[in-house]
Amino acid sequence: MKKLFSVIAVLLTLSTASIFAKTGVGLQGGATIGNAIGGTGAVTVKPSDRLPWVFAITVPSFNPFAIGLTADYWIDTPTFSRNFGWYYGVGLAAAFYTGDPGLFGFGARAVVGIQGFLLNKFLELYAEIAWQPMFFISGGFHTQLLAFPINLGFRFWF
């Protein structure tokens, strides 16, 4: 009976800890340099401060208009001090470009950034750069191997 009680107590503690995880939601903007040059904007979500995933719905191009998605897995988040650190990771990217014919792109990402927290960790400010080689399909196949999105952003943590 004591073992059962101990197992239940541990499971309850673990499940309660995940309830109190915070979610970060924010905006970022910047530019892509390399093979493609242009401005970018995105809504970003980090579903939990305890999980290493960051997602974004992006606008990688305005001419032609495009909607994209990125998913980054942060491998590590070393800190310089209590409220300032950096991160690096890998991810995936996809984009659909409007126009005739429509263009679909997909690729990988290698991302590195710095981040700082303000207001008792309610506000996160960050700057990041990624290497994002893309492969495009539209009546053929072509690549864009030297694309580097550079972004500044913020997230509010709830």
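The values are calculated or read from the model by the stated rules, or taken from the named source; none is laboratory data. These figures come from a predicted structure and were not determined experimentally. Cβ placement follows ideal geometry from the backbone for every residue including glycine, while neighbour counts extend to all protein chains displayed. Quick note on the areas: whole protein, heavy atoms, side chains included, nothing else; ligands and nucleic acids left out. Shrake-Rupley method; radii C 1.70, N 1.55, O 1.52, S 1.80 Å.
I need the full set of residues from segment 104-123 which are among the charged types (D, E, K, R) and touching a Pro at 6+ places or on another chain (Cβ under 9 Å), in order please.
Arg109
Report, by residue number, each residue of segment 45-61 that is more than 26 Å from Thr143 (Cβ to Cβ), at pLDDT 95 or above and either loosely packed, with under 14 Cβ neighbours inside 10 Å or of a type in the set (Val, Ile, Thr) (or both).
Val45
So for segment 113-125 (the condition being of a type in the set (A, V, I, L, M, F, W, C), surrounded by 16 or more Cβ atoms within 10 Å (Cβ to Cβ) and in contact with a Gly (Cβ under 7 Å, 6 or more places away or on another chain)), does at least one residue qualify?
Looking for residues that are of a type in the set (A, V, I, L, M, F, W, C), surrounded by 16 or more Cβ atoms within 10 Å (Cβ to Cβ) and in contact with a Gly (Cβ under 7 Å, 6 or more places away or on another chain), one finds none in segment 113-125, hence no.
Which one is modelled with the highest pLDDT among residues in segment 66-89 that are open to solvent by 70 Å² or more (accessible area, probe 1.4 Å) and under 17 Å from Met134 (Cα atoms)?
Result: Leu69.
Only one of (1) modelled with pLDDT of 90 or more; (2) of a type in the set (Val, Ile, Thr); (3) part of a helix (DSSP H, G or I) is not met by Val10, so which one is it?
So Val10 meets the others, but not (1).
If only one of Phe104, Phe156 is open to solvent by 40 Å² or more (accessible area, probe 1.4 Å) and touching a Phe, Trp or Tyr at 6+ places or on another chain (Cβ under 6 Å), which one is it?
It is Phe104.
Can you tell me how many residues within segment 90-99 are modelled with pLDDT of 95 or more and either farther than 13 Å from Pro52 by Cα or in contact with a helix residue (DSSP H, G or I) (Cβ under 8 Å, 6 or more places away or on another chain) (or both)?
Taking segment 90-99 and keeping what is modelled with pLDDT of 95 or more, we get 90-94.
Remaining after also requiring either farther than 13 Å from Pro52 by Cα or in contact with a helix residue (DSSP H, G or I) (Cβ under 8 Å, 6 or more places away or on another chain) (or both): 92-94.
The number of residues fulfilling the criteria is 3.
Name the residues in segment 21-33 that are modelled with pLDDT of 90 or more and either closer than 19 Å to Gly116 by Cα or open to solvent by 30 Å² or more (accessible area, probe 1.4 Å) (or both), would you?
Lys22, Thr23, Gly24, Val25, Gly26, Leu27, Gln28, Gly29, Gly30, Ala31, Ile33
Mind listing whichever residues of segment 130-147 are modelled with pLDDT of 95 or more and under 18 Å from Val59 (Cβ atoms)?
Correct list: Ala130, Gln132.
Got a number for residues in segment 126-153 being open to solvent by less than 20 Å² (accessible area, probe 1.4 Å) and over 15 Å from Ile33 (Cβ atoms)?
3
Quick one: which strands (runs of 3 or more DSSP E) sit completely within segment 28-114 and have at least 2 residues that are touching a residue at least 12 places away in the same chain (Cβ under 8 Å), under 18 Å from Ala127 (Cα atoms) and of a type in the set (D, E, K, R)?
Numbers: elements: 38-46, 53-59, 66-76, 79-81, 84-97.
Qualifying strands (runs of 3 or more DSSP E): 66-76.
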